[in-house]
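Undergrad: I have a structure I would like to understand better, so I am pasting it below and will then ask my questions one at a time.
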Amino acid sequence: MPKGRILIVDDESGIRSTLRQILQDEGYAVEEAESGEEALPLAIHGDHEVILLDVWLPGMDGLQVLAKLKESAVPAEVLVISGHGTIETAVKATRLGAFDFIEKPLSLDRVILTVSNALKKRRLEEKNLILQERMREEITLVGESEAIHKLKDQIRRAAPTAGRVLVYGENGTGKELVARLIHAYSDRNDEPFVEVNCAAIPTELIESELFGHRKGSFTGAIEHKKGKFLQADGGTLFLDEVGDMSLTTQAKVLRVLQEQTFEPVGGTETLRVDVRVLAATNKNLADEIIAGRFRQDLYYRLNVLPITVPPLRARASDIPLLCGYYLTFFARQYGRPPKVLGREATEALLRYPWPGNVRELRNLMEWMVIMVPGSEVGVGDLPIVAGQMPASSQESGLPWTGPLKEARETYEREFIKRALARHGGNVSRTAEELQIERRHLYRRLASLGMQKESDHGHDQ
Ligand SMILES: Nc1ncnc2c1ncn2[C@@H]1O[C@H](COP(=O)(O)OP(=O)(O)OP(=O)(O)O)[C@@H](O)[C@H]1O
Ligand SMILES: [Mg+2]
């Protein structure tokens with residue numbers, strides 16, 4: 001692999017061959033053109049990273065070529081070379097977007113150094129573009145289920161307000177994604193979105209993380225530190241796993257929410273910020289309050305606009321869409337040919353309960369893009385099939401032909417049966433997990449012919 005791809009544009013063949021020689025010795029792949037007219041199509045259709053461009057060319061001159069390159073959004077960095085280098089030409093070239101300017105007679109060391117700097121810049125920009133692309137990719141909420149439409153609607157309603165949102169949901173359902181979308185659709189979207197994972201930071205450090213600290217305020221505080229609240233000033237602070245904050249930290253956070261002011265650890269000055277707080281939890285905060293681990297007043301402050309992200313198994317129709325989305329996404333990211341899921345594989349994934357929700361699905365698709373050979377993923381390629389999924393539709397007893405109503409009921413029966421089993425037959429707790437009322441669950445059990453004598457109303 002060459003170290004980089006370079007195009008030399010100069011009408012003097014002596015200069016072209018000297019440059020070619022030293023650059024090839026450095027390990028670059030080199031192409032040449034002797035005029036602007038010849039260079040432009042090469043540059044526009046080629047994949048050069050650096051273009052060495054002479055200013056004095058017969059026909060179209062170097063600056064005109066430079067302007068055309070920029071007009072056509074050629075991503076290569078341009079180094080302008082001139083035998084009659086005047087400051088004005090240099091300034092003009094830089095204004096037109098040249099990376100740097102080299103004068104003739106050429107110092108070969110300088111050529112090598114400048115080319116290498118230009119390449120570094122080019123690579124950094126490429127990396128940034130990829131990162132930006134990734135950011136853009138990952139901020140879309142994929143799904144067409146009713147649950148996802150409802151979620152999108154709630155996000156759109158909550159985003160433009162200043163209201164605090166508490167996002168509930170199991171692991172990997174997309175709570176952080178929802179928080180990022182709320183920020184992205186709010187009028188704070190030009191300001192920072194700052195995330196704090198309250199569960200990942202040791203209790204002793206969380207206050208300094210949130211509020212910052214003054215140098216020397218505790219062992220290890222060797223510099224002043226700006227806390228997350230200040231970093232998020234004007235923007236949004238996302239308190240992830242908020243149920244894991246200690247009671248003392250909760251008291252301090254409560255004060256910021258009430259007064260928008262706080263003091264850094266070890267500091268005496270009071271800082272004022274304008275921060276919208278979003279929070280997320282996978283704990284049941286009502287239980288935490290009863291257990292004395294979460295402040296009720298903080299709960300009311302945070303829980304102004306509650307949003308629940310449903311688990312993936314409750315919106316199975318999104319599974320094929322998410323699989324397709326992440327198969328395409330990772331194929332592009334790894335530069336691999338696209339893959340599709342075979343019918344049986346799709347069916348197996350539809351039956352799988354996805355305890356790790358979308359994160360688990362995303363990881364599985366990444367694994368497939370890298371590890372599964374061929375363009376179609378078969379049921380035998382699925383690592384989870386063997387362990388946790390019923391191996392075939394026969395085993396799960398689900399019908400794949402016949403009337404939709406029957407299929408739906410068979411599925412619902414199986415679904416409720418498993419949920420009941422998870423809760424040892426307790427209807428109240430099962431109803432809570434399924435997010436329906438207990439009475440409603442009883443009615444469903446009856447109409448699906450699942451009601452046992454012993455079930456009549458006594459499940460506590
Ligand atoms: N509807 C969706 N469409 C596309 N990607 C999604 C969707 N939901 C979640 N994801 C992706 O799944 C991964 C997990 O989502 P996220 O980190 O938001 O979940 P979480 O609920 O915060 O998880 P945890 O509780 O583990 O912190 C992320 O990569 C996210 O981009
Ligand atoms: Mg999260």
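The values are calculated or read from the model by the stated rules, or taken from the named source; none is laboratory data. Note that the structure is predicted; figures quoted are calculated from it, not measured. Every residue, glycine among them, receives a Cβ derived from its backbone with ideal geometry; neighbour counts consider all protein chains shown. Only protein heavy atoms, including side chains, enter the accessible area calculation; ligands, DNA and RNA are left aside. Shrake-Rupley method; radii C 1.70, N 1.55, O 1.52, S 1.80 Å.
Undergrad: Quick check on my link table: of Lys152/Lys175; Lys3/Lys127; Lys70/Lys121; Lys225/Lys283, which ones sit more than 21 Å apart, alpha carbon to alpha carbon?
TA: Cα-Cα > 21 Å for Lys225/Lys283; rest within.
Undergrad: Can you give me the Cα centroid spacing of the stretch 350-375 and the stretch 217-267 in angstrom?
TA: 37
Undergrad: Sticking with this one: Under the rule of at least 5 residues apart or a separate chain, name every residue whose amide H is placed under 5 Å from the amide H of Gly212.
TA: The list, which skips near neighbours in sequence, is Gly227, Lys228, Val265.
Undergrad: Next question. Just grab the label-to-label distance for Thr203 and Ile87, each label 7 Å out from Cα along the Cβ direction, in nm (one decimal).
TA: Reported label-point gap for Thr203 and Ile87 is 6.6 nm.
Undergrad: Shifting gears a bit: If the reach is capped at under 22 angstrom between alpha carbons, list the lysines near Lys226, excluding any in the same chain fewer than eight residues apart.
TA: Counting by Cα, and skipping residues close in sequence, Lys226 has these lysines nearby: Lys215, Lys252.
Undergrad: Please turn the phi angles of the stretch 231-238 into ³J(HN,Hα) values with the Karplus equation 6.51 cos²θ - 1.76 cosθ + 1.60 (θ = phi - 60°), one per residue in order, whole Hz, x for glycine and proline.
TA: My calculation for the stretch 231-238 gives 4, 8, 3, x, x, 10, 10, 10 Hz in order.
Undergrad: Quick one: in the chain, what % of C-alpha pairs are over 34 Å apart?
TA: Working: 60324 of 105570 pairs.
Roughly 57 percent, once rounded to a whole number.
Undergrad: Name the trypsin sites (Lys or Arg not before Pro) in the stretch 119-220 that are in a loop by DSSP and that have at most 14 other C-beta atoms within 10 Å, would you?
TA: Of the trypsin sites (Lys or Arg not before Pro), the ones in loops of the stretch 119-220 whose Cβ has at most 14 other Cβ atoms within 10 Å are Lys215.
Undergrad: Continuing with the same structure: Hey, quick one: spin label on Gln132, modelled 7 Å out along Cα-Cβ, who in the stretch 303-338 has an amide N within reach, i.e. under 19 Å?
TA: Within reach of a label on Gln132, which here means backbone N under 19 Å from a point 7 Å along Cα→Cβ, the stretch 303-338 contributes 333.
Undergrad: Using unit Cβ charges (K, R positive; D, E negative) and no other charged atoms, how large, in debye to the nearest 20, is the dipole of the stretch 288-338 about its Cα centre?
TA: Values: 7 positive and 3 negative charges, 29 e Å.
Value, rounded to 20: 140 debye.
Undergrad: Calculated from DSSP H runs of 4 or more alone, at -39500 (n - 2.57) each and per residue, what is the 222 nm mean residue ellipticity of the chain, nearest 500?
TA: Estimated from H runs of four or more residues: -14500 deg cm²/dmol.
Undergrad: Could you give the angle, 0 to 90 degrees to the nearest 10, between helix 438-447's Cα long axis and the longest principal axis of the Cα atoms of the chain?
TA: Value to nearest ten degrees: 80.
Undergrad: Measure nothing fancy, just the Cα-based angle from helix 175-184's long axis to the longest principal axis of the chain, in degrees from 0 to 90, nearest 10.
TA: With both axes taken from Cα atoms, the answer is about 50 degrees.
Undergrad: Report, to the nearest whole %, how much of the accessible area of the chain belongs to carbon and sulfur atoms, 1.4 Å probe, protein only.
TA: 53
Undergrad: Would you mind working out the accessible area per residue for the chain, using a 1.4 Å probe, and quoting it in Å²?
TA: Numbers: 24190 Å² over 460 residues.
Per-residue value: 53 Å².
Undergrad: Give me the mean projected area, in nm² to one decimal, of the convex hull enclosing the Cα positions of the stretch 18-164. Write down the numbers at each step before the final one.
TA: Details: hull surface 54.9 nm².
Quarter of the Cα hull surface area: 13.7 nm².
Undergrad: Return the loop-located chymotrypsin sites (Phe, Trp or Tyr not before Pro) in the stretch 104-201 (DSSP other than H, G, I, E, B) with at most 13 other Cβ atoms within 10 Å of their own Cβ; answer none if there are none. It would help to have the intermediate numbers written out before the result.
TA: Details: sites: Tyr168, Tyr185, Phe193; in loops: Tyr185.
Filter output for the stretch 104-201: empty list.
Undergrad: Could I ask something else about it? Filter the trypsin sites (Lys or Arg not before Pro) in the stretch 1-90 down to the DSSP loop ones having no more than 14 other Cβ atoms within 10 Å, then list what survives.
TA: Within the stretch 1-90, the qualifying trypsin sites (Lys or Arg not before Pro) (loop, at most 14 other Cβ atoms within 10 Å) are Lys3.
Undergrad: Still on this structure, I have one more. Choose one of Ala39, Val80, Gln132: the residue whose Cα lies farthest towards the positive end of the charge dipole of the stretch 5-135 (beta-carbon charges +1 Lys, Arg; -1 Asp, Glu; about the Cα centre).
TA: Toward the positive end, the furthest listed residue is Gln132.
Undergrad: Thr270 to Asp61: extension gain in nm, 0.36 nm per residue of separation minus the Cα-Cα distance?
TA: Length difference between fully extended and current span is 69.1 nm.
Undergrad: Using 0.36 nm per residue of separation minus the Cα-Cα distance, give me the extension gain between Ser447 and Arg293 in nm, one decimal.
TA: Gain in length upon complete extension: 51.3 nm.
Undergrad: Any chance you could check the Cα centroid distance between the stretch 278-338 and the stretch 1-60 for me, in angstrom?
TA: Between the Cα centre of the stretch 278-338 and that of the stretch 1-60, the gap is 52 Å.
Undergrad: Related question: Direction-averaged shadow area of the convex hull around the Cα atoms of the stretch 320-381, nm²? Don't skip to the end; give the middle numbers.
TA: Numbers: hull surface 14.9 nm².
Averaged projected hull area, Cα only: 3.7 nm².
Undergrad: So how tilted is helix 404-422 from the main axis of the chain? Cα-based, degrees 0 to 90, rounded to 10.
TA: The angle comes out at about 80 degrees.
Undergrad: Moving on to the next point. Nearest 5 percent is fine: what portion of the DSSP beta bridges confined to the chain is antiparallel?
TA: Approximately 5 percent, going by the DSSP bridge assignments.
Undergrad: Two decimals is fine: what's Rg over Rh for the stretch 146-310, C-alpha atoms, Kirkwood radius as Rh?
TA: 0.97
Undergrad: Strictly greater than 24 Å: what percent of every Cα pair in the stretch 1-104 meets that?
TA: That tail contains 14 percent of the Cα-Cα pairs.
Undergrad: Report, ordered by chain and residue number, the lysines lying within cross-link reach of Lys104, taken as a straight Cα distance under 21 Å and ignoring same-chain residues fewer than 8 apart.
TA: Lys92
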